[in-house]
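I have placed the structure first, in the form of structure tokens, so that the comments after it can refer back to it.
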Amino acid sequence: MDVTGGRLQYMLERLNTSSTVNVETFGAVGDGITDDTLAIQAALDLAHSSGGGLVQFTPGKTYAVSTFLVVYDYTTVYAYGATIKAIGNSGILRNFLSSETFNAYEGHSHIQILGGRWDGNAFNGTTGSVTAETDVMNFVHAQDITVRDATIENTSTAHALEFNAVDGGRALNCRFLGYNDNSSDASRQFSEAIQIDISVSGSSSIGSFDNTPAKNILVDGCYFGVSSRCGKFGRAVGSHTLASGQYYYGIQIVNNRIEGTLQEGVRGYGWRRSVIANNVISGTGYSGIWLGIPNPSTAGYTATSYDLTIQGNTITAPATDSAIRVVGYSGASIAQVTVNGNSINGGSTGNANGIQMEYCNSPVVSGNTLASVQSTGIYNVNSDSGTITGNTIRGTASNGINVSNSSGTVVSSNHVRDASTNHCIFIGASNDFLVTANRVVNAASTGAGIRLGGTATDGTVNGNRVVKGTSQNGISVDSTATGCIVANNDLSGNGWSTATALAFSATVTTSFGGGSTSPGFNRVS
């Protein structure tokens, strides 16, 4: 990595001034023992008084700091090859004095942190001095904040990096290593490595508490894992606080590697117009990716989320909960969600679905590949006008696809096979559905390739290919289903009798001309 020459000149050209200072100019020693806080702060203050500048650390040295350093507007901190280590009981860097107050995005802005190992030095007070609930880096009420090529490690109880009421925060090619929950009751198991936050009392470090949310945040090319001392973060990236009527938007979480979390890998809480794409996520305690909103009946929350894309992610073996889960509420559904091209493999418990869409409006679940899911592959519940198309689902422990309590769902062109319990495709308590052009193979010995369950109403099952394997039935219909059409499906070559291939406990139309004789226009022999 070129840490001098051309790169340094490029950074200088981006500044409003040519002011450059090495922290050793003011007496920083860099031996990892001497407290260099005052010397480093003097260099940051010089950049501030000069209208901006570049503050350099010497590669190969370790600078000890006993309390938060404050970085101001138009300052670049250039720390490639250096280590900055907390030796007190606080974090390392922030963009405000505790006495300052800002509104909206009007705080100290246009800041770059380039390189460096930022050691939060957390653990138990003997090994690692920091046990307080503290961020390692904290940016509040700001615009245009970049943290690039940095390693932030050993975080105590709070966050490695916080973007609170920040417009244009970027974490690029960084490494986030190691978290220790030092709360007295172990109540911070949810804490994010990168928190995307809002300026409310109890969440923001300084005022004003004006409900300003973070927006236009980019986390790209980062790694999240353990350190040599501390364990997994609660979550890699996410939010857990909101104010009524507010939301975060323009959030992009892309191209990251998340290797183990206590809870979710990515948790989008009240996000809009946001993208989670091309991440590799494994070993999460809960969902790999979770998007949702507060319960409006208990939180007094009026806004909802929409325009969300979850695309191209690889998720392996969440311990509990669905690998991808999108959750709204009755009367506050999440609209325009696309879950496309993701690869999901495995899960540790029976409640770990592959993809779960709950109280969503017009969700699209397309082109995903799921294998060895420990419950249902794709679960669409209380979600109207959904499209489930072009997915490949193999080896689920329950249904391959389950549509429940939903209206207007299209299930098309999916390849579903080897459901070890229940059915390849199940429609329950739903209406106005279309199940078409799917290939289903080998449902459970007590299940069906396609099953219309209790109170399935006014739906069509048309043009599907059903292959027996161990399935008990090809297409079965519950006695409470009404107004359904099952026509033009191919169940041939399986050795079924007509009554076994088409097990109808209710009257079903088997011809678009209106007939109900079995097999009608379905092919069995």
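The values are calculated or read from the model by the stated rules, or taken from the named source; none is laboratory data. Computed from a prediction, not measured in an experiment: that's the story for all the values here. Note that each Cβ is placed from the backbone with ideal geometry, even for glycine, and that neighbours are counted across all protein chains shown.
Observations on the structure shown:
Here's the yes/no breakdown for (1) at pLDDT below 95; (2) crowded, with 24+ Cβ neighbours inside 10 Å:
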{"residue": "89", "(1), (2)": "no, no"}
{"residue": "100", "(1), (2)": "no, no"}
{"residue": "103", "(1), (2)": "no, no"}
{"residue": "113", "(1), (2)": "no, yes"}
{"residue": "119", "(1), (2)": "no, yes"}
{"residue": "125", "(1), (2)": "yes, no"}
{"residue": "131", "(1), (2)": "no, no"}
{"residue": "141", "(1), (2)": "no, yes"}
{"residue": "154", "(1), (2)": "no, yes"}
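- Single match in 517, 470, 498, 482 (criterion: surrounded by fewer than 21 Cβ atoms within 10 Å (Cβ to Cβ), farther than 21 Å from residue 454 by Cβ, under 40 Å from the mean Cα position of the chain (by Cα) and not basic (Lys, Arg)): 470
- Of note, residue 397 does not satisfy the criterion of being more than 32 Å from the chain's Cα centre (by Cα) and either of a type in the set (Lys, Arg) or not in a strand (DSSP E or B) (or both).
- The set of residues from region 222-237 being hydroxyl-bearing (Ser, Thr, Tyr) and either at pLDDT below 95 or in a strand (DSSP E or B) (or both) comprises just one member, 223.
- Of all residues in region 204-261, those satisfying the criterion of being of a type outside the set (S, T, N, Q), in contact (Cβ under 8 Å) with a residue 60 or more places away in the chain and farther than 26 Å from residue 106 by Cβ are 229, 230, 233, 236.
- Positions within region 181-196 being under 13 Å from the mean Cα position of the chain (by Cα) and more than 28 Å from residue 274 (Cβ to Cβ), in sequence order: none
- The residue pairs whose first member lies in region 420-442 and is on the phi > 0 side of the Ramachandran plot, whose second member is hydrophobic (A, V, I, L, M, F, W, C) and crowded, with 20+ Cβ neighbours inside 10 Å, and whose beta carbons are closer than 6 Å, counting only pairs six or more residues apart or on different chains, are 422/444.
- Where strands (runs of 3 or more DSSP E) fall entirely within region 12-107, those with at least 2 residues that are within 37 Å of the chain's Cα centre (by Cα) are at 53-56, 62-65, 75-78, 83-86.
- For region 41-61, filtered to residues that are buried (at least 19 other Cβ atoms within 10 Å of the Cβ) and touching a residue at least 40 places away in the same chain (Cβ under 8 Å), the residue that is farthest from residue 113 (Cα to Cα) is 52.
- Test: residue 358 is surrounded by fewer than 24 Cβ atoms within 10 Å (Cβ to Cβ), touching a Ser or Thr at 6+ places or on another chain (Cβ under 8 Å), acidic (Asp, Glu) and modelled with pLDDT of 95 or more: yes
- Total residues in region 105-152 satisfying the condition of being touching a residue at least 60 places away in the same chain (Cβ under 8 Å) and more than 23 Å from residue 214 (Cα to Cα): the figure is 5.
- Residues that are under 20 Å from residue 430 (Cα atoms) number at least 1 in the following strands (runs of 3 or more DSSP E) confined to region 317-393: 324-327, 334-340, 355-358, 364-366, 378-381, 387-389.
- Only one of the listed residues (404, 375, 385, 413) is among the small types (Gly, Ala, Ser) and within 21 Å of residue 503 (Cβ to Cβ). That residue is 404.
- When the residues of region 409-423 are filtered to those that are buried (at least 24 other Cβ atoms within 10 Å of the Cβ) and touching a strand residue (DSSP E or B) at 6+ places or on another chain (Cβ under 6 Å), the one that is farthest from residue 450 (Cα to Cα) is 409.
- Residue in region 450-467 that is surrounded by the most Cβ atoms within 10 Å (Cβ to Cβ), counting only those that are in contact with a Leu (Cβ under 9 Å, 6 or more places away or on another chain) and closer than 15 Å to residue 501 by Cβ: 466
- Residue 334 farther than 23 Å from residue 417 by Cα, β-branched (Val, Ile, Thr) and either at pLDDT 95 or above or surrounded by fewer than 18 Cβ atoms within 10 Å (Cβ to Cβ) (or both): yes
- Close pairs from region 287-302: first of a type in the set (S, T, N, Q), partner surrounded by 13 or more Cβ atoms within 10 Å (Cβ to Cβ) and modelled with pLDDT of 85 or more, Cβ under 6 Å, at least 6 apart: 287/264; 287/318; 287/321; 287/322; 287/325; 295/329
- Residue ID - nearest to residue 79 (Cα to Cα), chosen from residues in region 137-164 that are of a type in the set (A, V, I, L, M) and within 22 Å of the chain's Cα centre (by Cα): 150
- Selection count where residues are surrounded by fewer than 23 Cβ atoms within 10 Å (Cβ to Cβ) and hydroxyl-bearing (Ser, Thr, Tyr), scope region 169-199: 3
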